Amino acid sequence: MKQWIFGLLGGTIVGGGIAALVTNKFIKEKYKSESEALVQRELESIKKEFSVQNTKEKVTEKKPITETYAKIVKDNGYSENPKPHKKNEVKIITPEEYGNADYDQLSFTYYTGDKVVTNDAEKPMSEEDIAEFLGSRKVFDHFGEYEDDSIYVRNAALKADIEVLLFEGKYSEQLKK
């Protein structure tokens, strides 16, 4: 009888083990396929969302920018093909700033009697040269701001620091000497 009980008990244990293994395998396969299907659906959903979004961005990018640009140009009176201009960055600087930049140092003379500006070589400068180096004749309004007889100008476009000395007399009289 003992053998019969051991046989029954052993059979039950072996049968239960086999049933547990089969059940375990079945559940893993079922949930594995469901979880893989769920992951696959999520990936497809994300891919679809991003592809639709990217397509919308590509389609809407070109037309509105072109229309917006054209509207801005038209509304503000800008030219479609603006001419490049030379930016003449000229500003008055203090005497202490003069020569502190890594710029060339130039010295001009302004004769008040006949309003002539001369360069380092004491040659009269044309209006174009004055505009190029000093920006305009308005710089002469700054005499007395820092010093009575000189002004200092920094021309960033030419990389030059320019000292303009005031001479109360006429250039034409200096030529006679």
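The values are calculated or read from the model by the stated rules, or taken from the named source; none is laboratory data. Just so you know, these numbers come straight off a predicted model, no measurement behind them. Note that each Cβ is placed from the backbone with ideal geometry, even for glycine, and that neighbours are counted across all protein chains shown.
Quick notes
- Elements of type strands (runs of 3 or more DSSP E) in region 114-177, at least 1 residues being among the small types (Gly, Ala, Ser): 150-155, 160-167
- Residue selected from region 64-113 under the condition closer than 19 Å to Arg137 by Cβ and in a loop (DSSP other than H, G, I, E, B), by the criterion modelled with the lowest pLDDT: Lys86
- Among residues of region 143-166, those that are touching a strand residue (DSSP E or B) at 6+ places or on another chain (Cβ under 6 Å) and surrounded by 16 or more Cβ atoms within 10 Å (Cβ to Cβ), counted: 13
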